[in-house]
Amino acid sequence: MTGWLGPEEWQAVALSLRVAFWATLFSLPIGIFVALALARCSFPGKQLLNGLVHLPLILPPVVTGYLLLLTFGTRGPVGGLLADLGIVFAFRWTGAALAAGVMAFPLMVRAIRLSIEAVDVKLEQASATLGAPPVWVFLTVTLPMALPGIVAGTILAFAKAMGEFGATITFVSNIPGQTRTIPSAIYAFLQVPGGEGSAMKLVVVSVVIAMGALLLSEVIARRVAARVGGA
Amino acid sequence: MLEVSLRHRFDGFSLEAGFRAPPGLTVLFGRSGSGKTTVANAVAGLLMPEEGRIASGDWTLLDTSAGVRMKPHRRRIGYIFQEGRLFPHLSVRQNLAYGGWFAPRVAPREDMGRVVDLLGIGALLERRPGALSGGEKQRVAIGRALLSAPRLILADEPLAALDEARKAEILPYFERLRDEVSIPILYVSHSASEVARLATTVVAMEKGRVVAQGPAAEVLGDPAVLPAGAREAGAILTAHVARHHDDGLTELDASGIPLFLPQVASPPGAALRIRIAAHDVMLSRDRPYGISALNILPGTVREIRPGEGPGAIVAIDTASGRVLARITRRSAQALHLEPGVAVHAIVKTVSVAPSDIGGGT
């Protein structure tokens, strides 16, 4: 792999995988929690939360990136506080992960929410009458039955995080080895004469990873669905 | 003794029901829309009524005046739902064990092996609910409720989704539950024959109100209480198997009066309860001779209730118990029937369906 990919290209691929991995890992529990709140709870401000979650999907990515920069930059309100704790997002790979996570979040929540809504409330009631407290109803009935959707949402979010460009480049720029993910690298290669070859290799890698993720999600979802569906 | 009193309003429907369920099997009996399932859900805690009290001894599930509203998972009620509601992602064994994971350690528990034997589900344990038939699912659902160490078993029309053959398969398990398990059972049904076979106590509901409650024979023998309609009227008699005859008939002893039924599987001496549908009973002032019907019960008319159509329900007290007859008002007049008059109730042997004959008292 490293033989075929130059060190610069390999760096971009490895960084993208790392960024997408952490972005997905951190957004998964939050995504499940938010999806559960949107699917099963009623509380004041529910529509506001729903809108907020979906905002990155409809805003221009550059706007999302700029808002992240204003909020999480070293002089931003949240970024400043976190910087005192030693957590820095600006112009680091962690910032790229944050941007990717935020952009992928709506897709993840949407898939998980739909799968939670598809779980029959009657089964949750049955679980409660058998003595299960609410947390256990969720862990033993809702979560396993929503698993196909959670898997699909996670893989979709991972693929989206791999390909995130606009918000990332606005928030954390395009620094080799730090924030130059595959899309940023392709963009950078296309800016210099003779970079088309490297760009093409990264395009191939992108397609392979995206297709692989899609197939994997199909296989896992089908297996889980068979388990959940009985037989 | 479970005591329930509830008041709740939905759009266009108001429920105001109070009843007591002594030990044994209490059937909430009424047509669909009479509020039975609402009561069941309130007992289970799946519905919070506006006002009410549900308690059994010092165990209070709900008391709105005292601000007590126990959460469903703390109520320890084994709820058997109409559609089973087995967990599709768990095996039968895991479904059965589910309630045990949450029951208090000190709670008296049924033994898994005993319940599996009682319900005949030993061969199904490793399967998933998706691979079970309707009757098998419902047996597993019964087992799951039993094994959650419940203080009360609640069954909401557990047979309604099954065909006749499956009903006949499951009914005996509820009889065994009633006779062999000491947990009180609250059973919701609109089926007269289920009530007749299972009920120790009947609570009859109409339009959100309790119209009668008491021992099964008493409530079902009251022509004023027909929660399922006059067509479904029928009283229950208890009798013992006397002997089996070679021609396929079983002779019963109903307090001294012989009754002939199509072959019953129970051995001589066994107690049976038989539902005699009111529309299967003929009346005669004189003791009939030269008649094909084998069962003739002499008695006296207790009450006559004209129905809305041309029919009337006549209640007759016999030595074997109360019998209801559904006849036309014209016949009632022609026979000069009135309370105190001696009549003979005539029941054809073949008109007693096997599904109307149950074990136990």
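Here B:Glu308, B:Glu338 are placed in order of increasing Cβ neighbour count within 10 Å, fewest first, which gives B:Glu308, B:Glu338.
Could you please rank B:Leu220, A:Leu214, placing first whichever residue has the fewest other Cβ atoms within 10 Å of its Cβ? Walk me through the intermediate numbers first.
Details: B:Leu220 28, A:Leu214 14.
The fewest-first ordering by Cβ neighbours comes to A:Leu214, B:Leu220.
Net charge of the neighbourhood of B:Ala160, taken over other residues with C-beta under 13 Å away and scored Lys/Arg +1, Asp/Glu -1, is -2. Extending 7 Å from Cα along the Cβ direction at B:Arg285 and again at B:Met112 yields two label points whose distance is 6.9 nm.
Taking a Cβ cut-off of under 12 Å around B:Leu132, the surrounding Lys, Arg, Asp and Glu residues balance to a net charge of +3, with basic ones at +1 and acidic ones at -1.
Mean sequence separation of contacting Cα pairs (under 8 Å, at least six apart), scaled by the length of chain B, corresponds to a relative contact order of 16 percent.
Ordered by the number of other Cβ atoms lying within 10 Å of each residue's own Cβ, fewest first, A:Phe72, B:Phe10, B:Phe81 fall into the sequence B:Phe10, B:Phe81, A:Phe72. Residue by residue, the range A:73-83 carries 3J(HN,Hα) couplings of x, 4, 9, x, x, 7, x, x, 4, 5, 4 Hz when phi is fed to the Karplus relation 6.51 cos²θ - 1.76 cosθ + 1.60 (θ = phi - 60°); x denotes Gly or Pro. Assuming charge only on the beta carbon of Lys and Arg (+1) and of Asp and Glu (-1), the dipole of the protein assembly as shown about its Cα centre is about 880 debye to the nearest 20. Compute the acute angle (0 to 90°) between the alpha-carbon long axis of helix A:93-117 and the principal axis of greatest extent of the alpha-carbon atoms of chain A; round to the nearest 10°. That helix lies at roughly 30 degrees to the long axis. Semi-axes of the equivalent ellipsoid of chain B are 38, 26, 16 Å, computed as sqrt(5λ) over the eigenvalues of the C-alpha gyration tensor in descending order. For the range B:56-72, backbone phi angles converted through the Karplus equation (6.51, -1.76, 1.60; θ = phi - 60°) give residue-by-residue couplings of 9, x, 8, 9, 9, 8, 8, 7, 5, 6, 9, x, 8, 9, 5, 5, x Hz, Gly and Pro being listed as x. Scattering from the range A:103-154 was approximated by placing one identical point on each alpha carbon and applying the Debye formula without solvent; log10 I(q)/I(0) at 0.29 1/Å stands at -1.01. The distance linking the range B:256-301 with the range B:162-238 is 21 Å (Cα centroid to Cα centroid, whole angstrom). Straight-line reach from B:Lys348: taking Cα to Cα under 15 Å and skipping same-chain neighbours fewer than 8 places apart, the aspartates and glutamates in range are B:Glu251, B:Asp280, B:Asp356. One equal scatterer on each Cα of the protein assembly as shown, no solvent, Debye formula: the resulting log10 I(q)/I(0) at q = 0.05, 0.06, 0.07 Å⁻¹ is -0.37, -0.49, -0.61.
For the range B:100-190, applying the loop criterion from DSSP together with a ceiling of 13 other beta carbons within 10 Å to the chymotrypsin sites (Phe, Trp or Tyr not before Pro) yields no site. Loop-located GluC sites (Glu not before Pro) in the range B:9-118 (DSSP state other than H, G, I, E, B) with a sparse environment of at most 12 neighbouring Cβ atoms within 10 Å: B:Glu50. A simple count of charges around A:Ala37, restricted to other residues whose Cβ falls under 10 Å of its Cβ and scoring Lys, Arg +1 and Asp, Glu -1, yields +3.
Sparse packing (at most 12 other Cβ atoms within 10 Å of the Cβ) combined with a DSSP loop state is found for the following trypsin sites (Lys or Arg not before Pro) in the range B:61-140: B:Arg105.
Only the coordinates and a few stated rules stand behind these numbers; no lab work does. If you're wondering where the values come from, they're calculated on a predicted model, not measured in any experiment. Note that we place each Cβ from the backbone using ideal geometry, even for glycine, and neighbour counts take in every protein chain shown.
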